[in-house]
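The values are calculated or read from the model by the stated rules, or taken from the named source; none is laboratory data. Note that this is a predicted model, so its numbers are computed, not measured. All Cβ positions, even for glycine, are placed from backbone atoms using ideal geometry, and neighbour counts span all protein chains on display. With ligands, DNA and RNA removed, areas are computed over all heavy atoms of the protein, side chains included. Shrake-Rupley method; radii C 1.70, N 1.55, O 1.52, S 1.80 Å.
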Amino acid sequence: MALLEIRDVVKTFGDFTAVNHVSLSVEAGEFFTLLGPSGCGKTTLLRMLAGFEQPNAGQILLDGKDMSQVPPEKRPVHTVFQSYALFPHMTVAQNIAFPLQMAGVAKADIPARVDEVLEDVRLQQFAKRLPHELSGGQRQRVAIARALVNRPRLLLLDEPLSALDAKLREEMQLELINLQKEVGITFVYVTHDQGEALALSHRIAVMNKGEVAQLDAPETIYSYPKNRFVADFIGQCNLLDAKVAEVGGSRMKLEIPGVGLCEALPVEGAQVGQSGTLTLRPEKIRLAAAVTHDADEVHFKGKVHDCLYLGDVTIYIVELENGTLVETMLPNSAPGRARFFDDNDAVELAWRFDAGHFLLG
Amino acid sequence: MRNLSSRLSRWLISGPPLLYLLIFFAAPTLIMVFAAFRIPGDYGGLLPLLQTDDAGKTEVLINAGNWHDFITFENFGRFFEDSIYAELFLKSFWYAGITTLICIVLAYPLAWLIARSNKKTRDLLVLLVILPFWSNFLIRVYAWMIILGPQSYFSVALNHLLALVGIEPVSLLFSQFAVIIGLVYVHLPFMVLPLYANLEKHDMALLDAAQDLGANAWQRFWRITWPLSLPGVWAGTALVFIPALGMFAIPDLLGGTNSIMIGNLIKQQFLDSRDWPFGSVLSIMLTLSVLLMAAIAGWAGRSKKERA
Ligand SMILES: Nc1ncnc2c1ncn2[C@@H]1O[C@H](COP(=O)(O)OP(=O)(O)OP(=O)(O)O)[C@@H](O)[C@H]1O
Ligand SMILES: [Mg+2]
């Protein structure tokens, strides 16, 4: 039985539907992420899990128990709020002791429990400080420690890293992964940062306009987006308009109008003549003045339209013969070389037939 | 250059209010302190230290030999000799204290309600709280004399009710009860406003967090809202307790003979007995006792923080 089960949950505000028939389940010990653009209903879903909002329809089950009649303070679920919501008049230690006191833990046992979790988040020497005497990253860790200290069944995190700068965020991501492994508590994590979601999660539910657009492991979401929204939202992705030219067998043929035919993995239910989109990650495309390619690779000509030097890699935007722009990248691993091509250079592209993913419609 | 001009502008800005305080607060306080050590004049006021004769020549009456006739510690002695003054102080503290307490209890839910309502209702409610200031203080107190008077509907209805349960009719006016009602009524807005200003700034996410971490409604109030509102409570307490302590008009109008406060006594000394030195002593003792209380409260607050 899954630890958390969300069954066909709907939440409306007035005539606006914030969460629309969402069903998903989260296993115990999982790092589960809700990913989606601003306003897609992530926080609303999280607040329903915490008990601050009631679904208009559907059910939320925790350990198989219906939560609809359980108020937030009675749920074995704790939240790390985006603003941290640390109690400003309490020291770090007092903040962390708070949930233990509320749970009626014996007074004598509290200091040891607080110390233990402070050690987990490496804040032992800050126990006596007030929240405003801490840095953003330290506050973040206090908020996590406070939510973890009495070991909830489920920890909800609402964009916990969004207030931190890029460097610190990366550090905290690593810490979160380790912490989750260590404590073994199930995390439901909300973010609109796809990089963060890919880096942290066991599974990701990509949300769009209150619905789950795709629910899969990070690699699957990244490599095989199920629809245009996910392809576009996660990472850089080339979206090439194409038509089904031939089906049957272990490969199908697509026609990219004005460019030519190419092979791709077959798609269930595809029929000749149907149009759709070929999704292709930039790093899966090889680029050279003249590419040698084998039978498994698709091969096209084009010319460099734009270059973007990023340090570790250079992005080349290549114009295909039909005018479509395709993003590719080359690592700058060779010493001294940072630019292999200039604008308007003639180049050749190649990718393995299974590198792309064809979406019907 | 920059430094000089910034210093100059700082003085220009803070100068006028500083001067004002110096002339109208510090100087009178000092005069009062000196007055406390002097002797009442024959017809009130203070026994003069200088004398101007008809020709306009001024003569200094006090000198090294006779200063005992002009300067005395007796006024303070008188204060400590008779326990009646200390008792009156205690009683006044009690009145002011109970007034403050009632104001906190009444103002807190009201301030909370105002702080939590939407912008439009909030403005309206704040307006209603300060509305009484638009009419004269004495008129409002007189209104209470009528409300509490024996012929008022309120008194009549109350005594009817009491009669039903077999209790003797009561007279509300000219009693401790009336004084406290008056004090609470007059000072309530001064508690509501600072409390509202404080509660309005509270971050609602903290209450969500507390609830999420297992706190029920009472625990959320007692562990989060109340401690965070203490600055507002202290501000309101200062604004209610101190003026209430020195109040004389309300005990004069609503109180009976046994419900006078220290303010009445001070007023008596200056206006009726025309004993300025002793009036000054009483005023100084009042100021000192307030300062002492503030010091104790500050010290208690600090040591509590250190213990935490
Ligand atoms: N209490 C409310 N009343 C009315 N509308 C609401 C309420 N709470 C949320 N909404 C609406 O529901 C939609 C989803 O909101 P939600 O806060 O869940 O978005 P989100 O995915 O968390 O976005 P973000 O990444 O910006 O935090 C938004 O359009 C929002 O305006
Ligand atoms: Mg949100």
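Could you identify the single residue in A:Thr44, A:Thr79 that is in contact with a strand residue (DSSP E or B) (Cβ under 6 Å, 6 or more places away or on another chain), crowded, with 18+ Cβ neighbours inside 10 Å and more than 9 Å from chain B (Cβ to nearest Cβ)?
Result: A:Thr44 is the single residue among A:Thr44, A:Thr79 that is in contact with a strand residue (DSSP E or B) (Cβ under 6 Å, 6 or more places away or on another chain), crowded, with 18+ Cβ neighbours inside 10 Å and more than 9 Å from chain B (Cβ to nearest Cβ).
Which members of the stretch B:258-285 meet the condition of being open to solvent by 30 Å² or more (accessible area, probe 1.4 Å) and assigned to a helix (DSSP H, G or I)? Talk me through it step by step, then tell me what you get.
First, pick out the residues of the stretch B:258-285 that are open to solvent by 30 Å² or more (accessible area, probe 1.4 Å): B:258, B:260, B:267-268, B:270-274, B:276, B:285.
Hits for the stretch B:258-285 are B:Asn258, B:Lys267, B:Gln268, B:Phe270, B:Leu271, B:Asp272, B:Trp276, B:Met285.
Return a yes/no flag: does the stretch A:190-197 have any residue that is more than 16 Å from ligand 2 (Cβ to nearest atom), away from chain B (no Cβ under 14 Å) and not hydrophobic (A, V, I, L, M, F, W, C).
Pass one, the stretch A:190-197, residues more than 16 Å from ligand 2 (Cβ to nearest atom): A:195.
Next cut, away from chain B (no Cβ under 14 Å) only: A:195.
Then keep just the ones that are not hydrophobic (A, V, I, L, M, F, W, C); that gives A:195.
Looking for residues that are more than 16 Å from ligand 2 (Cβ to nearest atom), away from chain B (no Cβ under 14 Å) and not hydrophobic (A, V, I, L, M, F, W, C), one finds at least one in the stretch A:190-197, hence yes.
Within the set of pairs 6 or more residues apart or between chains, which connect a residue that is loosely packed, with under 14 Cβ neighbours inside 10 Å inside the stretch B:31-58 to a residue that is at pLDDT 85 or above with Cβ atoms less than 6 Å apart?
Hits for this filter: B:Gly44/B:Arg274.
Filter the stretch A:249-270 for residues that are assigned to a strand (DSSP E or B) and not aliphatic (A, V, I, L, M) and give the result.
Residues satisfying the conditions are A:Lys253, A:Glu255, A:Gly260, A:Cys262, A:Glu263.
Given the criteria at pLDDT 95 or above and open to solvent by 10 Å² or more (accessible area, probe 1.4 Å), does A:Phe52 qualify?
The answer is yes for A:Phe52.
Could we say that B:Tyr196 is crowded, with 17+ Cβ neighbours inside 10 Å and hydroxyl-bearing (Ser, Thr, Tyr) here?
yes
Could you please give the count of residues in the stretch B:38-59 that are under 40 Å from the mean Cα position of the chain (by Cα) and either farther than 24 Å from B:Asp272 by Cβ or in a loop (DSSP other than H, G, I, E, B) (or both)?
Residues meeting the conditions: 9.
With of a type outside the set (Phe, Trp, Tyr), part of a helix (DSSP H, G or I) and free of Cβ contacts under 8 Å to residues at least 60 places away in the same chain as the only criterion, which of A:Lys181, A:Lys128 stands out?
The match here is A:Lys181.
Considering only residues of the stretch A:144-164 that are within 16 Å of ligand 2 (Cβ to nearest atom) and within 11 Å of another protein chain (Cβ to nearest Cβ), which is farthest from the chain's Cα centre (by Cα)?
That would be A:Leu156.
Going by what's in this entry, would A:Val121 be described as more than 14 Å from every other protein chain (Cβ to nearest Cβ) and closer than 30 Å to B:Leu230 by Cβ?
Yes; evaluated as a whole, the condition is true for this residue.
Does B:Leu183 count as under 30 Å from B:Phe221 (Cβ atoms) and more than 14 Å from every other protein chain (Cβ to nearest Cβ)?
It is true that B:Leu183 is under 30 Å from B:Phe221 (Cβ atoms) and more than 14 Å from every other protein chain (Cβ to nearest Cβ).
Which members of the stretch A:58-74 meet the condition of being more than 16 Å from ligand 1 (Cβ to nearest atom) and open to solvent by 40 Å² or more (accessible area, probe 1.4 Å)?
A:Gln59, A:Asp63, A:Gly64, A:Lys65, A:Asp66, A:Ser68, A:Gln69, A:Pro71, A:Glu73, A:Lys74
How many residues, within the stretch A:5-41, are away from ligand 1 (no atom under 16 Å from the Cβ) and either exposed (fewer than 14 other Cβ atoms within 10 Å of the Cβ) or more than 17 Å from the chain's Cα centre (by Cα) (or both)? Even if it seems obvious, please write down each step before you answer.
As a first pass, look at the stretch A:5-41 and keep what is away from ligand 1 (no atom under 16 Å from the Cβ): A:5, A:7-8, A:23, A:25-31.
When the remaining residues are screened for being either exposed (fewer than 14 other Cβ atoms within 10 Å of the Cβ) or more than 17 Å from the chain's Cα centre (by Cα) (or both), the result is A:5, A:7-8, A:23, A:27-29.
Residues that pass the stated criteria total 7.
Going by the conditions given, is A:Pro55 within 16 Å of ligand 2 (Cβ to nearest atom), in contact (Cβ under 8 Å) with a residue 24 or more places away in the chain and closer than 24 Å to A:Gln214 by Cα?
The answer is no for A:Pro55.
If you go through the stretch A:204-248 one residue at a time, how many are in contact with a Ser or Thr (Cβ under 8 Å, 6 or more places away or on another chain), part of a strand (DSSP E or B) and buried (at least 18 other Cβ atoms within 10 Å of the Cβ)?
So the count comes out to 7.
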